[in-house]
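I have placed the structure first, in the form of structure tokens, so that the comments after it can refer back to it.
Nothing in this text is a laboratory measurement; each read-out follows from the coordinates by a stated rule. Not measured: the values here are computed from a predicted model. Note that we place each Cβ from the backbone using ideal geometry, even for glycine, and neighbour counts take in every protein chain shown.
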Amino acid sequence: MIPLTHSLVIAALLFTLGLAVVLLRRELLFVLMGLELMFNGVALTAVAAGQHWGNADGQVLTIFLMAVTAAELVVALILVWLAFQHFGAVRVDELSRLREDAKLKGNARGDTS
Amino acid sequence: MSQWLWLIPGSPLLGALIIALLGERIQRRHFAIVASCATAGAFLAVLLAWLMGAASHPLQQTLYTWVAVGDWRPTIGFTLDRLALVMVSVVSGVGLLIHLYSMAFMAGEKDQRRYYFFLNLFLSGMLILVLADNLLLLYLGWELVGLCSFALIGFWYRDPVRAAAGRKAFTVTRVGDTALAIGIFLLFSQFHELSLSALLTSATAQWEQGSTLATLTALLILGGAVGKSAQLPLQVWLPDAMAGPSPVSALIHAATMVTAGVYLIARTHPLFELAPQVQWLVAAIGTLTIVYGASAALAQTDFKRVLAYSTISQIGYMFLALGCGAYALALFHLTTHAFFKALLFLSAGAVIRAGGDEHDIHRLGDLGRHPSLARWSFLIGAASLAALPFITAGFYSKDAILAATWAAPAGPLLWAFAAVGALLTGGYIFRAYLLVFHGSGPRDSTASLPRSMALPLLILAALSITAGFIELPEGWPGPHLWSAWLEDELGLAAMPPTGAVHRLQVIGALLPLAGIALALVLVRRERAGQPLPLTTFLRSGWGFDALYRVALVQPYQALARSLGRVVEARIIEGGLSGLARGFWTVARGCRYWVEHGTLERGLGILISGLRFGHVMLNATQNGMLSRYALAMAAGALTLLGYWIWGG
């Protein structure tokens, strides 16, 4: 039987790796992969905790999580594809339209002052 | 009938309101009709009250609670007992006749609306005063009457003399009104109650006879009565008040308003019985005023001023009766006086108008051609005023007062003064009659008066003769209806023994005749150019006006002037301009230091701070997903760390 500590350490490593990927990589696909890693870390924690307390809720949560992640991934991949098609973007930095608005506001303020 | 009691004061009030509010829509000649109908309404309500038995048991109506403060709830409530019944009958009856008379007398007047408005308002004020069941409402009526008398005396206000007469009446009566108000406050502070019946009952129960409080209260009420009834020393306003139109003089200064003081004392007589010294003072003021008024009337040359001084003197008789405890007799004289004095004023008004607004009795005598009805009615009124024995009402009422005086403390002294007054009364009124109607001018004109002027004169003349027969003198066979009827409410005065009464009656009957003889002598001397000694002194009303001018008016004016020079010019105005300069300096300082310095710089700092914050915050809004994610992760980590180690 695997002790709870080991499972949690693995889960934490997975989550941190995923987070690091999300933060450091700029490609949209890699960001999605990082997210998947984080989900798996969370799922592993749930399974390990369920096993430790002899409760099936952890497993149930993981199965639901897999289903939801699959669905989410579908939507996310479509968005990535659409982003590529519309803006020709593969990196997240290229998708900064909100910033445009901020620039406009900045210009307006500059005019009045 | 009780629920219709409000109609008595309400009807003239309604008339006044209609005239005031809808006056634009009423034609000028219809004002008189509206006002007379309103007064007739009041008179009919009084008649109805008689028929419904108000004479045997009092009626009471409470309209609504006027003020409600804690447990103190003065009401608008009316009580019609016998005393009030006498007063409302006289006021509404004589008031109605005077309204009728005014119709013709004031027909040529432009400002009918104001005249009839105040006339009606005056009547309602007087009726409220008389019917009020608490002192607060009584005071309301009291002040309403004072206000209307001011407005009516100064009715022809474009003439500064007449306007000043109105002001004088208002100011002088105010002295008395203030005393009355303080008296009411005093009663309220003692009993926490203003209802008349409750107040008098508890005062009788709680105050000892002759106690300081009772004396003080009675004195203050007496002050109010003296002011309104023109007794010494506040009598100075009444002679000047003759500046008003004659019907106003008849209404206000003969029949109604000046009797308000008599009514007030009769109404609060239990208080006066608690303070015997004050009650005696009432009698003393009365006697002095009798002699004062009668002697001053002897020397007057203005027709209406003769009557004014006569009114002062006659009300002195009522005060004398009140002071002797003969309240019923005071009311009796009040009633007969209202009839014959209104008659005298109205006929004098007719004579003055026929003579082209001439007031001087000598010149009126030279003019002649007086309306003959006015002459005869004046003669009847004069006979009644002089108390010509057996045939006139004045004889019965005045004689009863003289008899009652004898039994009072220091009675013979009071009686002697009153008897001198009675002698002088015959003298002055027949002097005026002889000078005006038997002067060197041509005989009376036969031109008849307008019907609405003639009718009141006839009715009042009839009443001046017959009103006395309801109460024959003590010890005579015949009716004694008046004192028997009022005995329950007002009690009976102590009368001297029968033998003394008969002797007094003989003297009382001879005095007017002696007075007429005096008048004949006076007129002969005056025609011969030998005026009475002391004429100027008497004509000026014993110099009271001059005395008050020196003693009160001039010091007051000097004080006002010096206050104007010193306090107003130096202190108030100097202070104000200093204050203004100070404020100006402060404002300029504020402008330099606060506005240009602190405020603007502060705003500048605030703005640049905000701008810096904007730039800093703007940096976070770079649209870079990984930066946002980093911020979220950092935040989550911080919270987590706080939760694990910090919490």
Handout entry: FRET efficiency for B:His362 and B:Ser540, using Cβ-Cβ distance with R0 set to 22 Å, rounded to 0.05
Key = 0.80
Fill in the blank from the handout: Once amide hydrogens are built 1.01 Å from N within the peptide plane, the residues lying 5 or more places from B:Ser229 or on another chain with amide H under 5 Å from its amide H are B:Gly261
Completion exercise
So the FRET efficiency between B:Ala619 and B:Leu576, C-beta based with R0 = 60 Å and rounded to 0.05, is 0.50
Completion exercise
Per 10 angstrom bin, beginning at 0 and ending with the bin that holds the maximum distance, the Cα pairs of chain B fall in percents of 3, 14, 23, 22, 13, 5, 3, 3, 4, 4, 3, 2, 1, 0
Fill in the blank from the handout: Note, the stretch B:308-313: 3J(HN,Hα) by Karplus (6.51, -1.76, 1.60, θ = phi - 60°), whole Hz, Gly/Pro = x, goes 5, 5, 4, 4, 4, 5
Practice task
Report the paramagnetic label zone for B:Ile26: residues of the stretch B:152-168 whose backbone N is under 17 Å from a point 7 Å from Cα along the Cα-to-Cβ axis.
Solution key: B:152
Exercise for the section: Compute the relative contact order of chain B as a whole-number percentage, counting only Cα pairs closer than 8 Å that sit 6 or more residues apart in sequence. Expected result: 11 percent
Exercise for the section: Go ahead and run the numbers for FRET between B:Leu63 and B:Ala198, Cβ-Cβ distance against an R0 of 25 Å, rounding to 0.05. Expected result: 0.85
Problem - Length-normalised contact order of the stretch A:6-47 in % [C-alpha pairs under 8 Å, at least 6 apart] - result: 51 percent
Exercise for the section: Assuming a ≥ b ≥ c are the square roots of the Cα gyration tensor eigenvalues, decide whether the stretch B:373-518 counts as rounded (a/c under 1.5), prolate (otherwise, with a/b larger than b/c) or oblate. Expected result: oblate
Practice task
For the stretch A:46-54, just list the computed ³J(HN,Hα) in residue order, Karplus coefficients 6.51, -1.76 and 1.60, θ = phi - 60°, integers in Hz, with x standing in for Gly and Pro.
Solution key: 4, 5, 5, 5, x, 5, 4, 9, x
Handout entry: Contour minus Cα-Cα distance for B:Arg451 and B:Gln554 (0.36 nm per residue)
Key = 32.2 nm
Fill in the blank from the handout: For the protein assembly as shown, using Cα atoms only, the Rg and Dmax in Å read 48.4, 157
Exercise for the section: Mind putting a number on the dipole of the stretch B:148-247 about its Cα centre? Charges go on the C-beta only, +1 for Lys and Arg and -1 for Asp and Glu, and I need it in Debye to the nearest 20. Expected result: 420 debye
Problem - Residue-by-residue Karplus 3J(HN,Hα) for the stretch B:502-509, coefficients 6.51, -1.76, 1.60, Hz, glycine and proline x - result: 5, 4, 4, 5, 4, 4, x, 6
Handout entry: DSSP-assigned coil residues among trypsin sites (Lys or Arg not before Pro) in the stretch B:344-398, each with at most 16 further Cβ atoms within 10 Å
Key = B:Arg369
Completion exercise
Measuring from the longest principal axis of the C-alpha atoms of chain B, the long axis of helix B:31-51 (C-alpha) lies at a number of degrees, nearest 10, equal to 70 degrees
Completion exercise
Distance in nm between B:Ala569 and B:Phe469 label points, each 7 Å along Cα→Cβ, equals 7.2 nm
Fill in the blank from the handout: Simple spin-label estimate for B:Ala410/B:Glu489, 7 Å along Cα→Cβ, in nm, reads 3.1 nm
Practice task
Treating the Cα atoms of the stretch B:1-86 as identical point scatterers in vacuum, please give the log10 of the normalised Debye intensity I(q)/I(0) at q = 0.16, 0.23, 0.26 Å⁻¹, two decimals.
Solution key: -0.73, -1.02, -1.14
Fill in the blank from the handout: Once both label points are put 7 Å beyond Cα along the C-beta direction, the B:Arg588-B:Thr498 separation in nm becomes 10.0 nm
